[in-house]
Amino acid sequence: MIGLLWFLVIFPLGGVLLSLLPYPKVKQNSTLVASLITTILSIYIIYKVLRGDITDGWMFVDIYSAIIILLISCVYFLSSAYSVYFLKTVKDTFISVDFYYPLLNLFALSMLFTAVSANIGLMWIGLETSTVVSALLIVLEKKKAGAEAAWRYAIIASAGMGIALLSIIIIQFVGKTLIWYNVKLSPFAASVALALALVGFGTKIGLFPMHTWLPDAHGSAPPPISAMLSATLLPVALLTYFRIFLIAIASKAYHVIGLTAFFGAITALVASILIIQQQNFKRMFAYSTMDVMGIAVAGIAFGGKAAEASFLLLIVHAFAKSGLFFSTGNIIVAYKTKKIENVRGLLNSTQLTGITMVLGALAVTGAPPFASFIAELVILSYSFKMPLITAMLAISIFTSFLALNYHVAKMSFGDAKINKMPVYAELIPFLSVAIALVFSLGVWIYIEVML
């Protein structure tokens, strides 16, 4: 009998196969149906995991991977829905639009495969597959910048994955297994494996100084793909690193806590400073993603409630950042630019997009009432035993909040005369950010009830 977790792979695979058929409506609708069913299934898996971890052969899902699966599925669906509008605006393509939906489905499939795997080797295969597929999606539009960004991303990410593979080889050689919860290593072997994983998987996460691919790839990718890169691919890489981090902690290599926290904090600090000087709003949101991932990495280093807060932060970020990247698609169509200085009056000209931008920016920078505020507060409180880390995190949170919201405010206020956007195009980004808001209000209510 096919287990529950298998369907997380089967439905996206069905989407891949059906979208290969030479019928545009079949490509579109099969992707929408596959992503919707996967989303419903991921919600049910969350319910099941709350009663206990799910194991099925090479597959394993706990609450952390269940959260990532939910994010992949939901953003997969939202990106599929937004793509229906977006593809109508694409005029000149490098990769045929006929391959867009198959690649989109395959991208989601590779990430879901990674998230459900108990075997770290299989997780590596899933992540490397996602590199190839997402690089092809980045060059959908025939633009020189997109081709260069995709090439740089493929080279840097693959180099990082090569280093990550060395980490996995050490784990297999010393631990005799790649099932992460069964691995037992010496503190020295665990330290070496973790250091290699930090550089290798850290490249995919976007950690400093391995982040150089990130702004170009996000800035050049089609908006639905930017959303999936930011909201799902980076968290999947983080989940993989988290598994190896847990192996190191179980092996009593406790000094990796400080190492991981430092790289997370310095990443957030550098990203927050880079946000200040951005002139391209897509690159600005890319650095915002880097900032959030840095904070989340620091959170998992501290463990306990801080690790849980990291995944809470990822939930809010995934929906809010998806809404922001979808909105950039609307802005580019309406204003014919990616420059912040050339966009004014969003709240007057395209009200729903303006509201989405303002709320989304507040959400990803940790403003109340969004649950990202709670998550960042918890992570900060757990960092107090490491004053340098606390200082870097506090400065990064404060700086990114001011810088990102300042840029978005400039874009949102003022006068502008542009054509109205289709309601459908504005509704999907707004829905994405609204999910982040409703979820956050639910978290506040839960806290009130529990206290």
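The values are calculated or read from the model by the stated rules, or taken from the named source; none is laboratory data. For clarity, every value in this text was computed on a predicted model and none was experimentally measured. For neighbour counting, all protein chains shown are included, and Cβ atoms are generated from backbone atoms with ideal geometry for every residue, glycine included.
Kindly indicate whether any position in region 87-99 is small (Gly, Ala, Ser) and either at positive phi or at pLDDT below 95 (or both). Spell out how you get there, then give the answer.
Our first condition is that a residue be small (Gly, Ala, Ser); within region 87-99, this holds for 96.
The next check asks that each one be either at positive phi or at pLDDT below 95 (or both); those that pass are 96.
Yes, the conditions are met somewhere in region 87-99.
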For region 17-43, how many residues are closer than 19 Å to Cys74 by Cβ, in contact (Cβ under 8 Å) with a residue 12 or more places away in the chain and not small (Gly, Ala, Ser)? 10
Answer residue from region 42-70, given it is closer than 19 Å to Asn119 by Cβ and of a type in the set (Phe, Trp, Tyr) and is surrounded by the fewest Cβ atoms within 10 Å (Cβ to Cβ) among those: Trp58
Sort out which residues of region 101-130 are free of Cβ contacts under 8 Å to residues at least 40 places away in the same chain and touching a Leu at 6+ places or on another chain (Cβ under 6 Å), and write them in order of number. Leu103
Taking Ile418, is it of a type in the set (A, V, I, L, M, F, W, C), at pLDDT below 95, farther than 18 Å from Thr328 by Cβ and surrounded by fewer than 21 Cβ atoms within 10 Å (Cβ to Cβ)? no
Members of region 144-169 found to be crowded, with 18+ Cβ neighbours inside 10 Å and of a type in the set (Val, Ile, Thr), listed by number: Ile156, Ile163, Ile168
So which residues in region 275-295 are without any contact (Cβ under 8 Å) to a residue 60 or more places away in the chain and either touching a Gly at 6+ places or on another chain (Cβ under 8 Å) or crowded, with 22+ Cβ neighbours inside 10 Å (or both), if there are any at all? none
Would it be correct to say that Ile95 is more than 19 Å from the chain's Cα centre (by Cα) and buried (at least 21 other Cβ atoms within 10 Å of the Cβ)? no
Quick check on region 422-438. Is at least one of its residues within 28 Å of Ile332 (Cβ to Cβ) and assigned to a loop (DSSP other than H, G, I, E, B)? yes
May I ask you to list pairs of residues, at least six apart or on different chains, whose Cβ atoms are under 9 Å apart, with the first in region 321-343 being surrounded by 24 or more Cβ atoms within 10 Å (Cβ to Cβ) and among the aromatic types (Phe, Trp, Tyr) and the second being modelled with pLDDT under 95 and outside any helix (DSSP H, G or I)? Phe325/Ala221
Looking at (1) surrounded by 15 or more Cβ atoms within 10 Å (Cβ to Cβ); (2) without any contact (Cβ under 8 Å) to a residue 40 or more places away in the chain, which is the only condition Val183 fails? (2)
Cβ-Cβ distance below 6 Å, separation of 6 or more or different chains: which pairs start in region 353-372 with a residue that is under 16 Å from Leu312 (Cα atoms) and end on one that is outside any helix (DSSP H, G or I)? Ala363/Phe370; Ser372/Gly366
Tally, over region 379-401, of residues that are over 15 Å from His317 (Cβ atoms) and either surrounded by 14 or more Cβ atoms within 10 Å (Cβ to Cβ) or touching a strand residue (DSSP E or B) at 6+ places or on another chain (Cβ under 8 Å) (or both): 11
Go through (1) farther than 30 Å from Val49 by Cα; (2) touching a helix residue (DSSP H, G or I) at 6+ places or on another chain (Cβ under 6 Å); (3) aliphatic (A, V, I, L, M) and name the single condition Ile155 misses. (2)
Return the only residue of Ser220, Ser191, Ser230 being under 19 Å from Lys252 (Cβ atoms), crowded, with 17+ Cβ neighbours inside 10 Å and among the small types (Gly, Ala, Ser). Ser191
Which numbered condition Leu347 fails, given (1) over 30 Å from Ile46 (Cα atoms); (2) buried (at least 24 other Cβ atoms within 10 Å of the Cβ): (2)
Sole exception among (1) surrounded by fewer than 19 Cβ atoms within 10 Å (Cβ to Cβ); (2) of a type outside the set (A, V, I, L, M, F, W, C); (3) modelled with pLDDT of 95 or more for Glu448, by number: (3)
